[in-house]
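The values are calculated or read from the model by the stated rules, or taken from the named source; none is laboratory data. Note that the structure is predicted; figures quoted are calculated from it, not measured. Because the Cβ atoms are built from the backbone with ideal geometry, glycine has one as well, and the counts that use them run over all protein chains shown. Ligands, DNA and RNA are stripped out before the accessible areas are found, and what is left, the full protein with its side chains, is counted by its heavy atoms. Shrake-Rupley method; radii C 1.70, N 1.55, O 1.52, S 1.80 Å.
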Amino acid sequence: GGSVSGAVVRQTEDRGWELAAGRDLEAGEEVAVVPKEMQLRVPCLEEDFGDVAARVPEAMWPLRLALPLLFECSKDGSSSAFAPYLDVLPKAHTLPVFFSRDEVNALQYRHTISQVALRSRELFKFASDPLLQ
């Protein structure tokens, strides 16, 4: 398993759960170790999905991070080593990229509206291409 030294897990009102220094730390001091087999990471997809992660547009970098999670979710029930983690994640959520045009415009913040439009176009373009050739 992994290890944590010199850090504490705590819950805050404004940021939720976080890993924070539990004492003064030295520069470069290792405070958390997570073995590769316990990490949800993009390289684990290469064997099964080829260059899918590399084909995700740069503007959609969060999707690259989501790919290993989606891969683990696609496994049958508890066959994923990450099943206990996956079980505590929310089953649904809402993102502005899936809002209707009227809902996005109701945000009344030009920067957010333009970012939602950009990400929507990128997502549509990405989803329109065959992912696995």
With respect to residue 40, is the statement that it is in contact with a Leu (Cβ under 7 Å, 6 or more places away or on another chain), within 23 Å of residue 129 (Cα to Cα) and surrounded by 11 or more Cβ atoms within 10 Å (Cβ to Cβ) true?
-> no
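From the set of residues in the stretch 99-133 that are among the acidic types (Asp, Glu) and touching a residue at least 12 places away in the same chain (Cβ under 8 Å), which is least open to solvent (accessible area, probe 1.4 Å)?
Residues of the stretch 99-133 that are among the acidic types (Asp, Glu), as a first pass: 102-103, 122, 129.
Okay, now just the ones that are also touching a residue at least 12 places away in the same chain (Cβ under 8 Å), so 122, 129.
Values: 122: 45, 129: 74 Å².
Looking at residues that are among the acidic types (Asp, Glu) and touching a residue at least 12 places away in the same chain (Cβ under 8 Å), I get 122.
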With the condition kept exactly as written, say whether any residue in the stretch 75-96 is of a type in the set (Asp, Glu) and at pLDDT 90 or above.
-> no
The residue that is farthest from residue 80 (Cα to Cα), considering only those in the stretch 1-52 that are at pLDDT 85 or above and among the β-branched types (Val, Ile, Thr), is 12
From the residues in the stretch 78-98 that are more than 30 Å from residue 36 (Cα to Cα) and either touching a Ser or Thr at 6+ places or on another chain (Cβ under 9 Å) or in contact (Cβ under 8 Å) with a residue 60 or more places away in the chain (or both), which one is surrounded by the most Cβ atoms within 10 Å (Cβ to Cβ)?
-> 97
